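The values are calculated or read from the model by the stated rules, or taken from the named source; none is laboratory data. Only a predicted model underlies this, so the values are computations on that prediction, with no experimental measurement involved. In this analysis, Cβ positions are derived from the backbone assuming ideal geometry, glycine residues included, and neighbour counts consider all displayed protein chains.
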Amino acid sequence: MGAVVAKHKPRAGLRAHSLAVLAGRVSNMLLTAASVFVLTRVMGQSEFGSFAAVFAITQASVLAAVFGLDQIVIRELSKTSCPSVKRSIVYRYLSASVIPIAFFAVTTGVVFHLFGDVFVGQPVSLIAVLAIVLSTVVRALTQLIGEICRALDDPVVASLCSGLGGGPLAMAIFLATCVLIRFNDTIQWEAGVWIHATAGLVTATFGLVWITALLRNPASPSATDAEQPVGTRQFESASLRQMLFDYGFPVFLASGLGYVCQRSDIAIVSILGTPIDVALFEVATRLALLAALPMGIANTILIPRIGRLLKEAPTELEILLRTGASIATLISLVACGFFLFAPEPILRIGFGQEYVAAAPLLIAILPGYLAFVLSGACGNVLIQGGRSWSVVINSLLCAIVASVGGVSSWYFFGAIGVAVTTSITMILQNSINWWIAYHIFDVKTQAYCSPKKFFQGIQKMMDIFSLSRLKETS
């Protein structure tokens with residue numbers, strides 16, 4: 001908690017802070033990817049398909065419950081160094097989050113109670129509905145708490161809690177419990193949901209205790225409210241309606257619709273197909289996400305810098321974004337090469353013989369995720385630059401294409417048609433976001449094509465990071 005009060009951190013502290021945040025985000029991504037390898041082993045194919053359908057659909061509920069406030073708090077807390085102002089923002093931020101979390105958690109429970117057998121392919125008991133509601137609440141809370149801690153320079157708690165899947169701590173508890181229980185019997189999907197919800201509850205309780213201790217800490221006179229930018233004071237005194245609908249709502253729509261573009265396929269397959277179809281589709285999607293993981297890591301490092309550099313040094317921002325995208329693209333291309341030329345051996349070794357049938361789905365869906373990597377952080381530039389509505393409109397159009405095209409493709413071509421539709425939609429969405437970001441901010445985000453420019457970008461990126469550390473420690 002001392003990091004919140006301190007006015008400056010030494011260079012070693014800044015480096016340790018950055019590494020801790022990065023380690024937390026990477027571990028969360030890797031644990032989420034590893035969960036598929038574990039769950040396909042401890043659950044039957046049908047049970048894993050049902051669990052994957054529940055997890056993917058409730059992921060949309062978690063995004064809705066967060067309501068974009070996780071992005072807003074980073075932007076607003078970065079505008080002030082006054083501990084009293086930060087605590088006020090955190091308090092109002094947590095208070096405002098109660099309404100969307102409660103509303104979307106209950107709505108999710110009602111939807112699964114009424115239509116759960118359609119989504120899951122099996123009857124859904126009231127006990128399972130309660131587990132789904134609890135899972136939605138705790139996953140939204142951990143995401144909110146993790147982003148608050150990251151904005152308040154507490155990398156340890158941020159690393160443990162942050163993530164829509166519950167964070168690294170919750171995922172580690174969940175996977176360890178599944179492996180231990182598997183020694184006695186195969187895990188059913190309902191038991192899996194309960195285990196995940198309980199692990200999330202432990203993590204959320206831990207995070208809330210830390211936040212409560214932080215809010216009770218006396219304010220430090222390191223800065224005054226008068227020294228802060230106007231935007232921060234406006235946010236601090238904003239009404240609940242302004243926080244939710246003027247600030248959070250555009251980001252909520254952009255994130256939610258973006259998720260629909262990428263993951264409407266799993267909802268379509270779960271409704272129109274069988275749990276086994278869902279299991280095959282989920283395995284293919286997770287491997288594609290694993291190939292795109294380097295871009296997710298790059299975004300983790302770059303997002304906190306976008307808002308400031310976009311105003312103060314757009315040229316430096318473009319170098320950082322394009323170099324980060326180039327590094328991510330090189331790694332992703334290697335992974336895509338393995339997945340494209342040897343999908344069946346990878347699926348057989350990683351998941352078992354019954355998942356080899358997912359090879360065509362993997363090949364069909366990879367181009368969309370590769371487009372996400374190649375285009376860079378264009379969507380984040382628009383959101384951090386205050387152009388969330390541009391992302392919303394683009395995501396809405398692409399979500400319609402993904403939903404209508406996905407359903408039509410299923411009837412004509414089956415699951416492979418849905419995978420192709422998802423890939424096309426992702427290419428369209430990222431291309432439009434890139435075009436809008438370039439024409440509004442005159443900043444390119446895509447990977448470099450020239451090796452010479454790539455190596456020059458790496459050198460300039462190292463210089464920018466070194467200069468940034470010197471400024472923050474001077």
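Under 19 Å from the mean Cα position of the chain (by Cα), farther than 14 Å from Gly200 by Cα, surrounded by 22 or more Cβ atoms within 10 Å (Cβ to Cβ) and at pLDDT 90 or above: is that true of Ala158 in this structure? Spelling it out, it is not the case that Ala158 is under 19 Å from the mean Cα position of the chain (by Cα), farther than 14 Å from Gly200 by Cα, surrounded by 22 or more Cβ atoms within 10 Å (Cβ to Cβ) and at pLDDT 90 or above.
The residue pairs whose first member lies in region 402-420 and is in contact (Cβ under 8 Å) with a residue 24 or more places away in the chain, whose second member is buried (at least 16 other Cβ atoms within 10 Å of the Cβ) and not in a helix (DSSP H, G or I), and whose beta carbons are closer than 8 Å, counting only pairs six or more residues apart or on different chains, are Trp410/Gly273; Ala415/Gly273.
Listed here are the residues, each with its yes/no results for (1) touching a residue at least 24 places away in the same chain (Cβ under 8 Å); (2) under 30 Å from Lys86 (Cβ atoms).
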position	(1), (2)
Ala128	yes, no
Ala131	yes, no
Gly167	yes, yes
Gln188	yes, no
Ile195	no, no
Ala204	yes, yes
Leu208	yes, yes
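With the requirement that a residue be assigned to a helix (DSSP H, G or I) and surrounded by fewer than 22 Cβ atoms within 10 Å (Cβ to Cβ), what does region 340-354 give you? Listed by number, the residues that qualify are Leu340, Phe341, Pro343, Glu344, Pro345, Ile346, Arg348, Ile349, Gly350, Gln353, Glu354. Quick check on Gly379: is it free of Cβ contacts under 8 Å to residues at least 60 places away in the same chain and assigned by TED's automatic domain parsing to the domain that holds Ala335? Against the criterion (free of Cβ contacts under 8 Å to residues at least 60 places away in the same chain and assigned by TED's automatic domain parsing to the domain that holds Ala335), Gly379 does not qualify. The residues listed here are Leu152, Leu214, Leu144, Leu164; of these, the one that is of a type in the set (A, V, I, L, M) and modelled with pLDDT of 80 or more is Leu144. Being over 30 Å from Tyr438 (Cα atoms), among the small types (Gly, Ala, Ser) and touching a residue at least 24 places away in the same chain (Cβ under 8 Å) is a property that Gly324 lacks.
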